[in-house]
Amino acid sequence: MNGRASLATNLRVVRALGMRSVRQTFRRPQLIAPIIVFPTLLLAIQTGGASAAVELPGFPPVQSFLQFMLAGAIMQSLMLAGNSGGIALAVDIEMGFTDRLFAAPIPRFAIVLGRLAGTAALGLFGALWFLAIGLIFGAEIESGVAGALLAVALATAAACAVGGIGAAIALRTGSASVVQGLFPLVLVVLFVSSAFFPQELMIEPAKTIAAYNPLSFVAEGIREPMISGIDATDTLEALAAIAGIIILGLALSARALRHRLRVG
């Protein structure tokens, strides 16, 4: 009975901190803009200026370039959601809010899980936002509602996974400026994946890097339900990549949390 009560208490803590994380993001334009505004503008520019790319030999059969690019926009949004979550956590550390949480009678890792829950919620919001934009402007989801739900679920899980790495960096450095400085690196890692362009049409060394980039597997898992249909192989590869990122993020966060508790 005590175990159940403790679990229920921990879940309430994670929920409360997750909701606070979401509210904190929407109250700060510098946090919400990279998640929604920047990817939306880039999506508009890319689909408006490079729509003829679908006529290239070897380009996968798609209804439109917008349909192909939706996965890239979702990937960009969830990556920046993880970065913004790390920035917000670092701000909490700088303001002393995290120290007050450490002093509270709650599990220390619930603090990280609360932040990750908030990041996952932002990833969900971003995925729904871009799916809505795609449908409004004529993009079709070939696998229907099931495919849309699968894409949203993968995006939500991926946002949580990436958020773990952002949280680890925030806990280790305690500096919002350091985490914010990773913004260009986030884009570089994403652009050397197949999120924005088919891997088959890339040139070396980008093609080889994209082949082994975990984000490529996630992007393809999100894209396939939109442009062709649900593919078990792509879905399993995306889930494996997300699981790997989650394990890495949690391991780094646990180590950074121990460091933060030790040094204060």
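Derivation of every value follows stated rules applied to the coordinates shown; laboratory data play no part. For clarity, every value in this text was computed on a predicted model and none was experimentally measured. Don't worry about glycine lacking a Cβ; one is built from the backbone with ideal geometry, like all the others, and counts go over all protein chains shown.
Highest GNM mean-square fluctuation, the chain, Cα pairs closer than 10 Å: which of Ala241, Ala232, Ala167?
Ala232
In sequence order, what are the phi-derived ³J(HN,Hα) couplings for the range 42-48 according to the Karplus relation 6.51 cos²θ - 1.76 cosθ + 1.60 with θ = phi - 60°, rounded to whole Hz, with x for glycine and proline?
5, 4, 5, 5, 5, 6, x
Where Rh is the Kirkwood radius over the Cα pairs of the range 1-104, the temperature 25 °C and the viscosity 0.890 mPa s, what D in µm²/s does Stokes-Einstein return?
146 µm²/s
So how far apart, in nm, are the two label points at Leu149 and Asn10 if each is 7 Å from Cα heading toward Cβ?
It works out to 2.9 nm between the two label points.
So what is the calculated 222 nm ellipticity per residue for the chain, using -39500 (n - 2.57) for each DSSP H run with n of 4 or more, over all residues, to the nearest 500 deg cm²/dmol? Working shown, then result.
Working: 11 runs with 211 residues, N = 264.
About -27500 deg cm²/dmol.
Could you calculate, for the chain, the ratio of the Cα radius of gyration to the Kirkwood radius, expressed as Rg to Rh? Numbers along the way, then the final one.
Values: Rg = 18.9 Å, Rh = 18.9 Å.
My calculation puts Rg/Rh at 1.00.
With everything on Cα atoms, drop me the angle between helix 108-136 and the longest principal axis of the chain, reported from 0 to 90° to the nearest 10.
It works out to around 20 degrees.
In the range 86-108, whose amide N lies under 20 Å from the spot 7 Å out along Cα-to-Cβ of Val178? List them in ranges.
The answer is 86-102, whose backbone nitrogens lie closer than 20 Å to the label point.
Using only alpha carbon pairs under 8 Å that are at least six residues apart, calculate the relative contact order of the range 9-91 and give it in whole percent. Display every interim value, and only then the final one.
Working: 49 pairs, mean separation 31.8, N = 83.
Normalised by residue count, the contact order of the range 9-91 is 38 percent.
Against the longest alpha carbon principal axis of the chain, how many degrees, from 0 to 90 and to the nearest 10, is the axis of helix 65-95 turned?
20 degrees
How big is the charge dipole of the chain about its Cα centre, in debye rounded to the nearest 20, if each Lys and Arg gets +1 on its Cβ and each Asp and Glu gets -1 on its Cβ?
Values: 17 positive and 13 negative charges, 354 e Å.
My answer is approximately 1700 debye.
Have a look at Ala8, Gln67, Ala219 and report the one farthest towards the positive end of the charge dipole of the chain, computed about the Cα centre with Cβ charges (Lys/Arg +1, Asp/Glu -1).
It is Ala8, whose Cα lies furthest towards the positive end.
Could you size up the charge dipole of the range 1-100 around its Cα centre, putting +1 on the beta carbon of Lys and Arg and -1 on that of Asp and Glu, and report it in debye to the nearest 20?
600 debye
Express the relative contact order of the range 211-250 as a whole percentage, based on alpha carbon pairs under 8 Å and six or more residues apart in sequence. All intermediate terms of the calculation are to be shown ahead of the outcome.
On the way: 24 pairs, mean separation 18.1, N = 40.
Relative contact order here is 45 percent.
Using the charge dipole of the chain (Lys, Arg: +1 at Cβ; Asp, Glu: -1 at Cβ; taken about the Cα centre), state which of Thr119, Ala153, Leu201 has its Cα farthest towards the positive end.
Thr119
Over the chain, what is the mean sequence separation of C-alpha contacts under 8 Å (at least six apart), divided by residue count, expressed as relative contact order in percent? Walk me through the intermediate numbers first.
Values: 408 pairs, mean separation 66.3, N = 264.
Value for the chain: 25 percent.
Enter the angle in degrees (range 0 to 90, nearest 10) between the Cα long axis of helix 144-173 and the first principal axis of the Cα atoms of the chain, meaning the one along which they spread out most.
50 degrees
May I ask you to evaluate 6.51 cos²θ - 1.76 cosθ + 1.60, the Karplus curve with θ = phi - 60°, for each residue of the range 193-208 and list the ³J(HN,Hα) values in order in whole Hz, giving x for glycine and proline?
With the stated coefficients, the range 193-208 comes to 10, 8, 5, 10, 7, x, 4, 5, 9, 6, 9, 6, x, 4, 4, 5 Hz.
Using θ = phi - 60° and the Karplus form 6.51 cos²θ - 1.76 cosθ + 1.60, what ³J(HN,Hα) does each residue of the range 17-33 get, whole Hz, x for Gly and Pro?
5, x, 5, 5, 4, 5, 4, 4, 5, 5, 7, 10, x, 5, 9, 7, 4
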